[in-house]
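Working notes, beginning with the structure itself.
The values are calculated or read from the model by the stated rules, or taken from the named source; none is laboratory data. Not measured: the values here are computed from a predicted model. Here Cβ is always computed from backbone atoms with ideal geometry, including for glycine, and neighbour counts include all displayed protein chains. Please note that ligands, DNA and RNA were not included when accessible areas were found on the heavy atoms of the full protein model with its side chains. Shrake-Rupley method; radii C 1.70, N 1.55, O 1.52, S 1.80 Å.
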Amino acid sequence: MAIQLFVPNFRVDECLEEIRECLEKGWTGLGFKTIEMENKWKEYTGLPHAHFLSSNTVGLHLALHMFKTELGWADGDEVISTPLTFVSSNHAIVYTSLQPVFADVDEYLCLSPEDIERKITPRTRAVIFVGIGGNSGQYEEVVKLCKDRGLILILDAAHMAGTRLNGKHVGHDAHCTVFSFQAVKNLATADSGMICFPDQARDERARKLSWLGINKDTYARTVTQGAYKWMYDVEEVGFKYHGNSIMAAIGLVSLRYLDKDNSYRRQLAKWYQDCLAGNELIRIVPVAKECESSRHLFQIRVSNRDEVLMALNEYEIFPGVHYRDNTDYRMYSIGANTCPEAHLASKEIISLPMHMGVTVKDIEYIAGTLSKVIKVAR
Ligand SMILES: *Cc1c(COP(=O)(O)O)cnc(C)c1O
């Protein structure tokens with residue numbers, strides 16, 4: 001049977017039970033389960049605030065919009081970002097009429113603090129750090145650098161649900177952390193995300209702006225103000241970015257299993273490591289040592305990647321690539337040739353199948369096939 005990169009593992013009966021509650025109550029939108037999901041997420045991560053959104057992409061946009069308007073950034077001010085990410089991280093910068101400036105990655109495939117420093121100009125306002133595959137890379141150095149240089153730090157934690165750094169869940173020391181609960185992420189719904197600010201004022205503004213700028217959510221108004229539910233104010237233009245109770249219902253179930261699933265992912269990673277050890281043609285992307293990664297991804301590097309991928313497909317193994325160097329895309333070509341490490345990595349990386357259905361036997365088969373096809377492909 002074919003081995004796919006990702007397969008979500010929904011606990012169907014539990015999800016249906018949570019969704020049934022929404023349908024029976026007649027409440028599928030903002031409020032009810034979204035509040036429960038926010039509370040459970042705060043409890044799980046220890047983060048002081050959390051607001052449930054319809055995706056991570058909108059969360060990154062909302063964060064940049066909020067900082068730009070609050071701090072008076074000008075159009076064309078710069079945000080340092082990685083070329084090795086899903087385009088959402090960089091599109092968010094463009095949505096806000098800010099300028100993405102690409103910095104290079106390190107051996108962890110995360111932003112290199114040295115190269116961030118080199119790319120800082122008088123117009124630099126913020127850094128978006130992506131914890132690729134759940135790996136924190138040199139995040140702590142980046143936190144320190146941003147603090148020293150007065151830059152806003154946004155953590156794109158799309159892969160980091162359950163990642164702990166020195167024993168503590170990630171997200172505490174960024175100015176804003178945005179998670180993704182998209183269908184193939186390690187905490188899956190269908191589409192949703194969470195935006196977490198350390199400070200209450202920004203959390204409150206995010207709640208307002210994610211619902212078109214309306215200053216109270218419908219649920220709170222229905223519950224607290226009864227007949228006066230139309231009596232709200234709109235102080236500034238917002239977006240339709242909040243999440244809904246159906247997604248939150250699925251998220252609540254996935255969250256119950258997050259630690260268990262992540263620990264199985266780490267077990268898969270260990271099996272991969274053991275099975276691939278000693279093969280000089282395969283380099284395993286390391287995880288920072290103080291990081292307990294969610295292991296959203298297990299990434300290796302090979303020099304003849306495209307050939308290896310094609311050959312694996314013939315054996316019904318379907319890995320992925322995270323990601324194509326964004327500066328190869330026409331719209332980000334302004335960054336071409338500015339990040340040689342990311343450019344090289346993007347031609348060498350393979351993400352091996354990583355989901356709850358992968359077994360130790362599958363991994364032995366994948367590792368065995370890899371060493372066979374690497375020899376042939378060379
Ligand atoms: C998936 C992903 C996003 C976007 O998440 P959505 O919830 O699908 O909007 C952003 N950044 C990274 C690194 C991702 O992998």
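Which whole-number value in Å² is the accessible area per residue of the chain, probe 1.4 Å?
Roughly 43 Å² per residue, with all protein chains present.
For the chain, what % of the accessible area comes from carbon and sulfur atoms, probe 1.4 Å?
In the chain, the share of accessible area belonging to carbon and sulfur is 53 percent.
Add -39500 (n - 2.57) for each DSSP H run of 4 or more in the chain, then divide by its residues: what number comes out at 222 nm, to the nearest 500 deg cm²/dmol?
-12500 deg cm²/dmol
Note the count of lysine pairs whose C-alpha atoms are less than 30 angstrom apart in the stretch 258-377, limited to pairs 8 or more residues apart or on different chains.
15
In the chain, if the dipole is taken from +1 on Lys/Arg beta carbons and -1 on Asp/Glu beta carbons about the Cα centre, which of 344, 137, 175 is farthest to the positive end?
175
To the nearest 20 Debye, how big is the dipole of the stretch 3-256 about its Cα centre, given +1 on the beta carbon of each Lys and Arg and -1 on that of each Asp and Glu?
480 debye
Top mean-square fluctuation among 336, 206, 277, Gaussian network model of the chain, C-alpha springs under 10 Å?
Comparing 336, 206, 277 in the GNM, the peak value goes to 277.
Specify whether the C-alpha gyration tensor of the stretch 255-375 places it in the rounded, prolate or oblate class, a ≥ b ≥ c being the square roots of the eigenvalues: rounded for a/c under 1.5, otherwise prolate if a/b is larger than b/c and oblate if not.
In terms of gyration-tensor shape, oblate.
Work out which GluC sites (Glu not before Pro) in the chain are exposed loop sites (DSSP not H, G, I, E or B, at most 12 other Cβ within 10 Å) and give the longest gap free of them.
That would be 1-234.
Of the residues 39, 337, 262, which exhibits the maximal mean-square fluctuation in a Gaussian network model of the chain defined by a 10 Å Cα contact cut-off?
337
For the stretch 3-256, report the convex hull volume of the alpha-carbon atoms normalised per residue, in Å³, without decimals.
124 Å³
Assign one of three labels to the stretch 98-145, namely rounded, prolate or oblate, based on the Cα gyration tensor with a ≥ b ≥ c the square roots of its eigenvalues; rounded applies when a/c is under 1.5, prolate when it is not and a/b is larger than b/c, and oblate otherwise.
Taking the square roots of the gyration eigenvalues as a ≥ b ≥ c, the stretch 98-145 is prolate.
Just to confirm the filter: which trypsin sites (Lys or Arg not before Pro) across the stretch 238-329 are DSSP coil and have at most 10 other Cβ within 10 angstrom of their Cβ?
289
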